[in-house]
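The values are calculated or read from the model by the stated rules, or taken from the named source; none is laboratory data. Source: prediction; values computed, not measured. Cβ placement follows ideal geometry from the backbone for every residue including glycine, while neighbour counts extend to all protein chains displayed.
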Amino acid sequence: MRNIEVRERFTAAYNELVYDAWTLSRNYGSPTYDDKVRERGKYGSCGQTLYVPRLGREVRHFCRRPACPSCSTFWGRALGRKLVSRYPNGTPSGDFRMITMIQCVTSDLDDAFGRFKSSRKALSNAVGYQCSRGLDRAGWRDFGLAGALEIDHFLADDFSEIGSQKQQQYRDLGYDPNTARGSQWVVTVHGVVHLGKLGEDTIRTSLRSVAPIIHFENLFGWQALDEAAESIVGYAGKVAIETSLIDGQSREWPMEALKEYLLAVKRNSHGRQGFRVLVNPKSDTSSKKKSAYSRVIKHSNGNDDDAMPVVIL
């Protein structure tokens, strides 16, 4: 689905949330109604150049809403660049992989976000343990990962249409198609990882507490390392609101699922921050390294924005 189609679908969902809030309160000045209107306004004005009286000049507005395809791609690409910059120039592309970590299937969207947050802590603990007490401390001190959360959706009645590989993966995660009902949410992290001297099997085994299913793929050989990292994490941060089915078919999320997603994101995350994973190598001695509270990514217009969330080890 193209970005413009994603934006149109989410705009329609925001419109319904605004109408639902008004219907419940019958009051255009109610806090709930005002909040929904404000959220819709931020989303709708993303990418526009607006005049800011406080600054006395025009600035380009970035909404940083989790449902915004433009912001999600921008932040994903910035995160990929950030990881690569922590390694010396000339680091071989063969030391990096694309990584997919499938964590769980759940019918509760708040539980999905909770599982993701727990997995980030588990990732920090696992890598920290390997760096301090593991058998290959030097290898783990050079480990790095940048990625983004993707929430996939399917209806329990459509389980037979999502493809045999995914069916088996979801069963392996404990999903029972005989008892499942309604919306199902799949928690996955996509990203780029620096293996260094560590093998894929070593990382897969050590990070079992983070995700039961971990896949690796080689980077595209025709891309420079920084371009490949930007593309991978930028794509990882994509906003996908359709379910992939067998034979290359897809089905749009129902409107109720879109609304549920927007409301759950608002409860569980501030902007795009709650969707990000970043593990910097402990071997990094770059003078550019700063604390988690001072790191910022600058937009192309030179203005500082919110610090990216990080997992500091």
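Would you point out which residue out of LEU109, LEU50, LEU83 is farther than 30 Å from ILE203 by Cα and of a type in the set (A, V, I, L, M, F, W, C)?
Answer to the selection: LEU50.
Evaluate the range 95-115: report whether one residue or more is modelled with pLDDT under 95, polar (S, T, N, Q) and under 30 Å from LYS282 (Cα atoms).
The answer is no; no qualifying residue exists.
Which of (1) without any contact (Cβ under 8 Å) to a residue 60 or more places away in the chain; (2) charged (D, E, K, R); (3) closer than 26 Å to SER231 by Cβ does ASP176 not meet, given it meets every other one?
Among (1) without any contact (Cβ under 8 Å) to a residue 60 or more places away in the chain; (2) charged (D, E, K, R); (3) closer than 26 Å to SER231 by Cβ, ASP176 violates only (3).
So, in the range 50-103, how many residues would count as being surrounded by fewer than 19 Cβ atoms within 10 Å (Cβ to Cβ) and more than 19 Å from the chain's Cα centre (by Cα)?
21
Here are some residues: ASP152, ASP157, ASP201. Which one is within 18 Å of GLU242 (Cβ to Cβ) and without any contact (Cβ under 8 Å) to a residue 12 or more places away in the chain?
On the way: ASP152 fails: without any contact (Cβ under 8 Å) to a residue 12 or more places away in the chain; ASP201 fails: within 18 Å of GLU242 (Cβ to Cβ).
Just a single option satisfies the conditions, and that option is ASP157.
Let me confirm something: among GLU256, GLU230, which residue is assigned by TED's automatic domain parsing to the domain that holds THR100 and either in contact with a Phe, Trp or Tyr (Cβ under 9 Å, 6 or more places away or on another chain) or within 29 Å of LEU145 (Cα to Cα) (or both)?
So the residue among GLU256, GLU230 that is assigned by TED's automatic domain parsing to the domain that holds THR100 and either in contact with a Phe, Trp or Tyr (Cβ under 9 Å, 6 or more places away or on another chain) or within 29 Å of LEU145 (Cα to Cα) (or both) is GLU230.
Of all strands (runs of 3 or more DSSP E) completely enclosed by the range 7-117, which ones contain at least 2 residues that are touching a helix residue (DSSP H, G or I) at 6+ places or on another chain (Cβ under 9 Å)?
Working: elements: 49-52, 57-60, 96-106.
Because the criterion is at least 2 residues that are touching a helix residue (DSSP H, G or I) at 6+ places or on another chain (Cβ under 9 Å), the strands (runs of 3 or more DSSP E) in the range 7-117 that meet it are 96-106.
So, GLY234, is that one at pLDDT below 95 and either within 19 Å of the chain's Cα centre (by Cα) or among the acidic types (Asp, Glu) (or both) or not?
Criteria met by GLY234.
How many of the residues in the range 118-162 are in contact with a helix residue (DSSP H, G or I) (Cβ under 8 Å, 6 or more places away or on another chain), over 20 Å from HIS215 (Cβ atoms) and part of a loop (DSSP other than H, G, I, E, B)?
2
Scan the range 7-34 residue by residue and report those that are within 15 Å of ARG65 (Cβ to Cβ) and at pLDDT 90 or above. First the steps, then the outcome.
We begin by selecting, within the range 7-34, every residue within 15 Å of ARG65 (Cβ to Cβ); these are 7-15, 17-18.
Hits for the range 7-34 are GLU8, ARG9, PHE10, THR11, ALA12, ALA13, TYR14, ASN15, LEU17, VAL18.
For every residue, the table says whether it meets (1) of a type in the set (Asp, Glu); (2) modelled with pLDDT under 95; (3) surrounded by 12 or more Cβ atoms within 10 Å (Cβ to Cβ).
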| residue | (1), (2), (3) |
| --- | --- |
| LEU173 | no, no, yes |
| VAL186 | no, no, yes |
| VAL193 | no, no, yes |
| THR205 | no, yes, no |
| LEU219 | no, yes, yes |
